Structures are given as structure tokens and as C-alpha cells.
Amino acid sequence: MTIEDLKRMISNGESRTLELKKTTGELKDAMHTACAFLNTEGGWLVFGVTPQSLKIQGQHVSDSTQREIAQALSHIYPVVNTRVEYVDVPEHLDNKVIVLHFDGWVWGNEPYTYHGCPYYKMESTTKEMPRSMFEERLKAANPHKFSWEKLLACDFQITDLNENHIMNAVRMGVRGGRMPASSQSLSIEDILAKFSLVRNGHLLQAAVALFAKNIEDYPQLLLRMARFNGFDKQEFIDNQRVHGDFFDLLDAGMDFCFKHLNLHGRVVGLQREEKLEIPVEALREALINALCHRSYDSISGSVSLAIYDDRLEIENPGRFPVGITPENIMLFHDSKPFNPLIAETLYKCTWLESWGSGVERMKEARLKEHLAAPYYEIRPDGIAIVFKRNLPTLDGIDVGNNVGNNVGNNVGNNVGNKEKIILEIIRNTPSVTTPQIADKLGVTQRHCERILSEMKKQRIISRVGTKGGHWEIIEGDNE
């Protein structure tokens, strides 16, 4: 660095990335700033310039001065290898300006401390780092040691888990070719071990998030849902809170979408198609991502689903992985899950894809229906994905008023959006299986079975035969 380079650098005075000291007599205070640079965006530390007047005076540099600087830097942890530059001052030939540059902190690295205390930059001010920020960074740097999902769920036993959810997950994994058929004959203990959800015979918290029946001690296992009237949160039409494991929350979220989103119908050739205004596969993918990749550390945090007149938003407490932004997340990228253990379990049972392809599939599902692609926003409490609503019905058809003409006099009044889609699936493919219907609806097989059972009780549909059988829609009045 030359004296001209130095003049240009200091021309605007101190800033978030520039600290000026008159001499190394302020070395201790300067190391607080150095630590803060390392924990924030990086910056330049300069000795030999008066901060107020910006006068370049320099100072005498001896072997003792160099040793003092090296000794001070050695108290920064983790060890930092910083090059020290000495710039000649033409007006004071025996003096030099001492310049040090510190790189900024990168998410996933350990936080820096000086003499055991962490510092960071708040605008141009050096402050002690809050304990919560330090712990968050420490966890990010040591995910295997501090990750929430890998901590022991000390008060939970295997009997506290939902066996039906576990076995349904295994069946999905076998059907999808990601688990061997022999997995279905394993004990619950062995299945959990196969999913790496136990350690030394104790359940991990990931098992609780995925399969727990009783979640009283985990208030963060919550999905908040609201249908607002208009375009803001001033007035709501429906407001619900559901506690449960991953599969309970996914089913509840999809139910809420079917309840409050418009169902569109159109005739394609000789067939009638009925679809939600936002594709089911896109909604399911977004909910799965929010529930899987959220931060579970905060007991006050939760996933939220909000439907407005013009948009649907799904928000989760968390952050993007390093290098991922709202601008580039829609591009193909490697998967960097916030909760890799939960993500790997969901991948094995086919509820989640790997290699970061989920966002791309959401985008494709929207574009296939000629709808605007969803987009992400970073918010104070987390990350949100936003789907724009396309309110007019396709082809001018109001499904709620017309479905009765196709499947019976009163069906249109007696069933909701989800049931209407089931009716259309059955009409087009009478031999369709329950797992296939569940997949199209984006719900669990068990949840789908409950819907089908209720429809049979209401004499809307009937099942003829078992294996190799088919569904029939009961025409006429429904009691």
C-alpha cells in the first residue's frame, strides 16, 4: 500500500469497516475492533492517523512495536493470520503508518474472541456480542455437537411416538424404492435406528419433531394458520393453531389450503379437470420445506401459513444456507438442509427430494399452469415464500355450483375442495389406489383414508372389490 492509497482509504473518515488510531498506545482497544471486524464484515485497522483531523502522522516502529502487535493478535481466537503493512510517511521520514486488514465473518465459521470475549460491529461502533448471537454462531460452526435435532429427547420414550406415522413413512419409502422391502418387518426400535433417530438407546429430538404423539414440552411444534380478509392482517376470516408432529402439521396445512383456496374446473377434451388455484404439488413442497428446514431452537418460533385475497405466504423461523439468497434460490443449487437428520429421514420416505430440487419443482408446477412463480423474502423473524393468487376462475367455471351436475344432486353442497378433487380423480381413473389419491392431494395415506371413509359413510362414493377393485361415485341424492 502506498501513501496515496492510504489517503484515498481514509478520506471519508471512520466507518463500519475502517478504524483509525493515533498510535499503538491504543493497541488493546484496537484489538477489540479487530475482533469486531472478524465477526462482522471485515475492515481496516490503521495506526498513525488522527481520527478527527485525519492527519497522517505515523509513528516510530521498532522491533518492540512489532512484537507487541504480534502478541496482541495472538490473543484472538480462533487464530488469525493477518498481514501487517508499514507505509512510509513522506513528511515524517522516521515514521510509518501501520495498516492491518481483517476478513469478514462467514456463516458456519466459529465466532472470534479477544481474551475470551467476542465483539462485533454495530454500524461504526464496537460492541460486545450478545450471548444469543455468540451461541447461535457457535452452534452453526459445530452442528454435530449443538444441533437441536441431534440433542437427546430425555423425557421421551418410543411409546410416545406415533407408530402409524412411522409405519406409513416406511411404506412410502419402500414404495418409492428408497428403503428395502424388509424394512416393513422391522421393529419400531430398529426402524428408528435405521433413520438414525436414536443414540445409545435414547431418542433424538428429530424423532420428536417427526413422529411424536405428545408434544406438550415442545411448543415450537406448531403451525399457525389464518385466512385474512383483504390484503393485510387487520381482519381475519379464519384463525387456527395446530400442535403436532411433522405429518400432523403437514395435513393440517394442506387441509387449510383446500378449505380457503379456490377450486377451478375446466374441460380438456372429453374430461373435466379440477385443480386448486395454486397447484397442490407446489403447496405441499413449500410446506414440507418450511417444516423441515426451519430452526427449532426457539420455543417461541413456529411455521405460519397466511392466506390473503391476493397471495398466500408460508413463513418459517430460519435462514438461508451460505450462498443462497432470495434472488438465486430459484436456480438449481445443492441441498444444504438446516436439519440434515430430519431431511434425510423425509428423503428416505419420499416426502422430500435431495439436491435442492424442491424449489425448482414448485416453480415448474406454477409455470405449468401459466401462473407467476413463487418468490422468497427475508423477514425479521425468518424466511417466507409468497404465492400470488389468481382470483378469477379458469374458463369462468364455478366448481362449487357445477360439480353437482356431474356427481349427484347434492354433492356440490356436501363436500369441500379436497373431496371434489377426489371425485374427479375417481371419475377419470376408477381403479386409482388410496396411496395414489393421497399423493395427488399432498397428504398422508392415513389422512386420505379418513377422508375416503367419511365420503363412503355419506354415500358419496363406494368401493367395489378389494384388490383389483374400483371406486364408484354414487349418483343421485345423498342422505
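The values are calculated or read from the model by the stated rules, or taken from the named source; none is laboratory data. Model, not experiment: these values are computed from the prediction. No Cβ is skipped: glycine too gets one built from the backbone with ideal geometry, and neighbour counts run over all protein chains shown.
For the reader, a short list of remarks on this structure follows.
- Given (1) exposed (fewer than 14 other Cβ atoms within 10 Å of the Cβ); (2) not assigned by TED's automatic domain parsing to the domain that holds residue 188, number of the condition residue 159 does not satisfy: (2)
- Residue among 51, 78 that is out of contact with any Gly (no Cβ under 9 Å at 6 or more places or on another chain) and assigned by TED's automatic domain parsing to the domain that holds residue 103: 78
- Among residues of the range 32-45 that are charged (D, E, K, R), those with a Cβ under 9 angstrom from a residue that is assigned to a strand (DSSP E or B) and at pLDDT below 95, sequence gap 6+ or separate chain, pair up as 41/121.
- Of all residues in the range 112-157, those that are farther than 30 Å from residue 203 by Cα and not acidic (Asp, Glu) total 17.
- Search result, residues across the range 102-131 that are assigned to a strand (DSSP E or B) and buried (at least 17 other Cβ atoms within 10 Å of the Cβ): 102, 113, 114, 119, 120, 121, 126
- Considering the range 427-479, the residues that are touching a strand residue (DSSP E or B) at 6+ places or on another chain (Cβ under 9 Å) and either acidic (Asp, Glu) or part of a strand (DSSP E or B) (or both) include one that is surrounded by the most Cβ atoms within 10 Å (Cβ to Cβ), namely 471.
- Near pairs, Cβ below 9 angstrom, 6+ apart or cross-chain, from the range 1-17 (small (Gly, Ala, Ser)) to any residue that is surrounded by 12 or more Cβ atoms within 10 Å (Cβ to Cβ) and at pLDDT 90 or above: 11/54; 13/20; 13/51; 13/54; 15/43
- Residues that are among the small types (Gly, Ala, Ser) and closer than 15 Å to residue 21 by Cβ do not occur anywhere in the range 86-109.
- Taking each residue of the range 183-206 that is over 11 Å from residue 166 (Cβ atoms) and looking for partners that are assigned to a helix (DSSP H, G or I) and of a type in the set (Lys, Arg) with beta-carbon atoms closer than 6 Å, six or more apart or interchain, yields 204/150.
- Restricting the search to strands (runs of 3 or more DSSP E) fully inside the range 215-311 and requiring at least 2 residues that are under 30 Å from residue 146 (Cα atoms) and modelled with pLDDT of 95 or more gives 222-228, 236-243, 303-307.
- Residue selected from the range 383-399 under the condition within 30 Å of residue 338 (Cβ to Cβ) and either modelled with pLDDT of 90 or more or of a type in the set (S, T, N, Q) (or both), by the criterion surrounded by the fewest Cβ atoms within 10 Å (Cβ to Cβ): 388
- Within the range 170-209, being within 25 Å of the chain's Cα centre (by Cα) and not in a helix (DSSP H, G or I) holds for 176, 178, 195, 196, 197, 198, 203, 204.
- Residue within the range 131-144 that is farther than 30 Å from residue 210 by Cα and not aromatic (Phe, Trp, Tyr) present: no
- One residue stands out among those in the range 312-343 that are at pLDDT 90 or above and under 21 Å from residue 373 (Cβ atoms): the one that is surrounded by the fewest Cβ atoms within 10 Å (Cβ to Cβ), which is 313.
- Odd one out for residue 445, checked against (1) at pLDDT 90 or above; (2) of a type outside the set (Val, Ile, Thr); (3) touching a Pro at 6+ places or on another chain (Cβ under 9 Å): (1)
Residue-by-condition table, conditions (1) hydrophobic (A, V, I, L, M, F, W, C); (2) touching a residue at least 24 places away in the same chain (Cβ under 8 Å):
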{"position": "60", "(1), (2)": "no, yes"}
{"position": "102", "(1), (2)": "yes, yes"}
{"position": "118", "(1), (2)": "no, yes"}
{"position": "122", "(1), (2)": "yes, no"}
